[in-house]
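This report refers to the structure that appears directly beneath it.
Rule-based calculations on the coordinates, nothing more; no lab input. Bear in mind the structure is a predicted one, so any value in this text is a computation, not a measurement. With ideal geometry, Cβ positions are generated from the backbone for all residues, glycine too; neighbour counts draw on all protein chains shown.
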């Protein structure tokens, strides 16, 4: 397949799945297996990390106004009832650190599970069931938090810790873990989704930055085997740029659509999709990945 067409396809997959609760990691692994991309190739390892940055940029652009508003009202909040420890910006960073610290401590475990397609498939199925049950349960009870401005410190810590599951078990999905955790903690669909997006920004920037460092400068990361030197040609740069731009554009539209869909329909569609895809991976995964 032509590298330019391949880059467009991978950019679409990344842009569509990065912020939907369906696991971009699982979908990129499936796509790469179907298209027979050499996952040990340093260029494609670096490529999949860089196109994530395109999706992050889209999220930053969409939430820039909200972030600026949070900065303007820090630390009292829009209603004047927030403190340094309960303002949304602080809670976002607290949730991030509650994810980052355990994830770093579990780096070896994460590396062990990252390439295991069976664990990825089980995470998709189990996560889909949990999302379905939690969403059905949450709409039958009165939420205590309808806006991120009403969140508590305990909710932020809980969501951050739950997000660690997506790092330890690829296929879980950052969005799924944070949304379900938020709903369990008494948040509405929309507030849980908004906080999921907010905490995704520092989490993804840190995760992709760390992955990029491991790929390009493995000697600076303990326990990472050095890769062959990465030499970029003009063709390689164009392929990379195409993937980045496509991921950015698709993510931009996907996030807007996702916000509207969830407000009106909830998360059941994504739960069913996860269960179906996970079931197919459990059935045909060994044949697809040659395991």
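If you stretched the chain out fully between residue 161 and residue 61, how much longer would it get, using 0.36 nm times the residue separation minus the C-alpha to C-alpha distance?
Numbers: separation 100, 0.36 × 100 = 36.00 nm, distance 2.65 nm.
Value of the extension gain: 33.4 nm.
How far apart, in nanometres, would the label points at residue 106 and residue 118 be if each is projected 7 angstrom from Cα along the Cα-to-Cβ direction?
Between residue 106 and residue 118, the label points sit 2.0 nm apart.
Quick check on the chain: helices-only [θ] at 222 nm, where DSSP H runs of length 4 and up contribute -39,500 (n - 2.57) each and the sum goes over total residues. Nearest 500, please. Please report the intermediate quantities before stating the final value.
Working: 12 runs with 213 residues, N = 291.
After summing the helix terms and dividing by residue count, I get -24500 deg cm²/dmol.
Run the numbers on the chain and let me know its relative contact order in percent, using alpha-carbon pairs under 8 Å that are six or more apart.
Values: 410 pairs, mean separation 102.6, N = 291.
Reported as a whole number, the value is 35 percent.
Between residue 206 and residue 97, how many nm apart are label points set 7 Å from Cα along the C-beta direction?
It works out to 0.9 nm between the two label points.
What do you get for the angle between helix 117-138 and the principal long axis of the chain? Use alpha-carbon atoms, 0 to 90 degrees, nearest ten.
Helix 117-138 and the main axis of the chain meet at about 20 degrees.
Classify the range 234-282 from the C-alpha gyration tensor, please: rounded if a/c falls under 1.5, else prolate or oblate depending on whether a/b exceeds b/c. All intermediate terms of the calculation are to be shown ahead of the outcome.
Details: a/c = 8.05, a/b = 1.58, b/c = 5.11.
Note, shape of the range 234-282 comes out oblate.
Work out the FRET efficiency for residue 83 and residue 9 from their Cβ-Cβ distance, taking R0 = 45 Å, and round it to the nearest 0.05.
On the way: r = 48 Å, r/R0 = 1.06.
Calculated transfer efficiency: 0.40.
Looking only at 199, 255, 239, which one moves most when the chain is put into a Gaussian network model with springs between Cα atoms under 10 Å?
Looking only at 199, 255, 239, the largest GNM fluctuation is found for 239.
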